[in-house]
Amino acid sequence: MASKISGKMAEISMGKALWLLEHKIKNNLLTPTMFLGASGIGKTAMLSGLAEKLGYELVDLRLAEYSAVDLKGVPDIDRETKTTQWFKDEILPRDNANEDRKVLLVLDEITSIEDRNVQTVVYQLLNERRLGLDYCLPKNCHIVGLGNRPQDGGNYASLLAPLRNRMSIYEINFDFEIWSSWAAKTGLNVNVLSFLTQNKDRIFSYDDDSEGTEENMVFATVRSWTNAAYMLDTLDITDEDSLYIALTGMIPAPITSEFLTHLTIVANLPSVEDIATGKKSYDDVKESYKDSAGFILAQPLGKFCFDKFKNAEEKEFIAVMKNTVNFLLEYDVMPATMFIKYLQQAGTTQEFAKVATIMAKNEDLKKITRAIDSFK
């Protein structure tokens, strides 16, 4: 008897997942792909960023909310032809005649489909790229399924074998570089990004063993941190009691306390505007914060400088860059690296190329790239 061959999913990073999808899209390989991973790691945000990069429209279909009739369509009788017509849900991408329409169809929560009838309808969509006789996916439509694993504490339903066999299936792991790039591009609160960059062990706090208990009611994920960042943007950060109450509904209380300590340090440092405009320097940092200020302010300074690049004259941008570079180079090279990485992540490839060109023409700004290069 032949030995049993394991069909366990391959584990890949978000970066590799994006590379794989981009390759399939650019080469018009239409075999659907499914990514399974923990809840709240940024799977949907990852696809949103790729769709924007490639100029695709993203259509997010939450399968757990649909019945077989919702997907296949509501039946009605055509009196003239004496046949049944099926009226499809308006969220499904249409305009098949439009050859230029490019769609990334995300079948979200695909592992939450308990109804086998729904799985059967999804099977036809994956296998034939159609539903019934009168609906076909647009020609340039790529399908990606997203779901959680059995151990993730969600509503998990195994998929039918024929359905699984119509997809490339991978388990994806969280990739901080990919997520932080998305966070920078979307303007996520830089204090949250700065805290998580220095405390990556605080990004997630879900405990499999505590599922179903009060100890695991609130847990940290990149989703809950993103929601906390949005909340933070609307609150007065000097009102610590209100901040604590607001954030502990999304982030566990012990981690919230650590984050508020981070904000307290930020409040006691010179503002990024004062540093970037030359009003304050390394000498103005309190002695007790001198070791950490560069790390804490690197990304906020990156955001300030990038905003200047976008909205100010080149002369003003160079001036704030010089002051920022001089401040950061008082520290270890890591804050300088974090600063440059934020500039790279915040905009498009073309925008960073312009920033790099400006830096290459200025001797004072070359210092930061030389410092990073020597560290490498």
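Just a few scattered comments:
- Adding -39500 (n - 2.57) for every DSSP H run of four residues or longer, then dividing by how many residues the chain holds, sets the calculated 222 nm ellipticity at -15000 deg cm²/dmol.
- A quarter of the convex hull surface defined by the alpha-carbon atoms of the stretch 90-178 gives 7.5 nm² as the mean projection.
- Relative contact order, percent, the chain [alpha-carbon distance under 8 Å, six or more residues apart]: 16
- Dipole of the chain, positive direction: furthest Cα of 204, 51, 260, with charges on the beta-carbon: 51
- Environment charge at residue 181 (Cβ cut-off 11 Å; Lys +1, Arg +1, Asp -1, Glu -1): +1
- Net length gained if the chain between residue 334 and residue 19 were fully extended (0.36 nm per residue, minus Cα distance): 110.7 nm
- Long pairs among 26/354; 290/310; 53/367; 53/280; 310/341; 286/341, criterion Cα-Cα beyond 28 Å: 290/310; 53/367; 53/280
- Length-normalised contact order of the stretch 10-174 in % [C-alpha pairs under 8 Å, at least 6 apart]: 38
- Hull volume per residue, based on the alpha-carbon atoms of the stretch 177-375 and their convex hull, is 129 Å³.
- With N the number of residues in the stretch 10-174, Rg(Cα) / (2.2 N^0.38 Å) evaluates to 1.05.
- Here the chain is assigned +1 on the Cβ of each Lys and Arg and -1 on the Cβ of each Asp and Glu. Its dipole about the Cα centre then comes out at about 1740 debye.
- Overall shape: prolate for the chain, with the ratio a/c of the largest to smallest alpha carbon gyration tensor axis at 1.5 or above and a/b above b/c.
- Neighbours of residue 31, meaning other residues whose beta-carbon lies under 12 angstrom from its beta-carbon, give a summed charge of +3 when Lys and Arg score +1 and Asp and Glu score -1.
Each reported figure results from applying straightforward, stated rules to the coordinates on display, with no laboratory input. This one's a predicted model, so the numbers in the text were calculated from it and none came from an experiment. Because the Cβ atoms are built from the backbone with ideal geometry, glycine has one as well, and the counts that use them run over all protein chains shown.
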